[in-house]
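Participant: The structure follows.
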Amino acid sequence: MTNIISAEIIEKKIYLIRGHKVMLDRDLAELYEVDTKVLIQAVKRNIERFPDDFMFQLNNQEVVNLRSQIVTSSWGGRRYNPYAFTENGVAMLSGVLNIDRAITVNIENIHKTA
């Protein structure tokens, strides 16, 4: 299988928040090639699969801190604080999104973090 995502790209999308290495909803949506809205809808339809140690929503202070770390203008227009997914939450996403791209990305993530 050919690598579809470089380790460097994945590593740049991993943040340490609340003592957990996490990836944000918008970054995962980009990797999975779906809209963030689609990703969040899939999660909300399957919320029982995402306990607090799989996913949590950032509070206002965490968003401010994260924005100061990330020099980007892609934060505009959000009506809610981003969701952060731990390694287990990322693995669960591939099942709830149920698209080939999500499964492939998840396999790539596991190989790169192992």
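Only the coordinates and a few stated rules stand behind these numbers; no lab work does. Keep in mind that what you see is a predicted model, and the values were worked out from it rather than measured. Neighbour counts run over all protein chains shown; Cβ positions are idealised from the backbone, glycine included.
Participant: Would you list ARG49, ARG78 from fewest to most Cβ contacts within 10 Å?
Facilitator: Final ranking by Cβ density, sparse to dense: ARG78, ARG49.
Participant: Run down the aspartates and glutamates and flag those whose C-alpha is under 20 Å from the C-alpha of LYS21, throwing out any fewer than 8 positions away in its chain.
Facilitator: GLU8, GLU11, GLU30, ASP52, ASP53, GLU62, GLU87, GLU108
Participant: Please report LEU31, LEU24 as a ranked list, fewest other C-beta atoms within 10 angstrom at the top and most at the bottom.
Facilitator: Ordered from fewest to most neighbouring Cβ atoms within 10 Å, LEU31, LEU24 come out as LEU24, LEU31.
Participant: What does the extension gain come out to for ILE14 and GLU48, with contour length at 0.36 nm per residue minus their alpha carbon separation?
Facilitator: 9.8 nm
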